[in-house]
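These notes concern the structure reproduced below.
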Amino acid sequence: GAHLLIPAFLSAELPPTDRLLLAGKIGAGVAQLLESNRHHPRFSQIISLPRYLDNEELDAALDATDVVAATYERHIGSASFVIRAAAANRWVLGTDWG
């Protein structure tokens, strides 16, 4: 779902103070999407931490957010990250499937 989130963020009319934090490993397709948009005027508003985050880093990332996007496509069952975001009292954006 990050392949949908990134272009939506870049095309949204948001204040220049808003940021998109991409935290965690990313696939080749998302990496290519980021690379192809690196000259977009709002690209500097995307912060990418493309690696495994330990628990302390993950907690810090959650603390820094207002909304957590659960970019799982066609996910069935419980998603621990969604549970963790809810426990941190963060809004969660997801799909209506699963």
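Here, each number is a calculation from the coordinates, and none is a lab measurement. Predicted model, so just to flag it, every value in this text is computed and none were measured. Positions of Cβ are backbone-derived with ideal geometry, glycine not excepted, and every protein chain shown enters the neighbour counts.
Remarks
- FRET efficiency, 1/(1 + (r/R0)^6) with R0 30 Å, evaluated for ALA12 and ASN55 via beta carbons: 0.45
- Equivalent ellipsoid semi-axes - Cα gyration tensor, the chain, angstrom: 22, 16, 14
- Along the chain, longest interval not containing exposed chymotrypsin sites (Phe, Trp or Tyr not before Pro), exposed being DSSP loop plus at most 10 other Cβ atoms within 10 Å: 1-51
- Length-normalised contact order of the chain in % [C-alpha pairs under 8 Å, at least 6 apart]: 27
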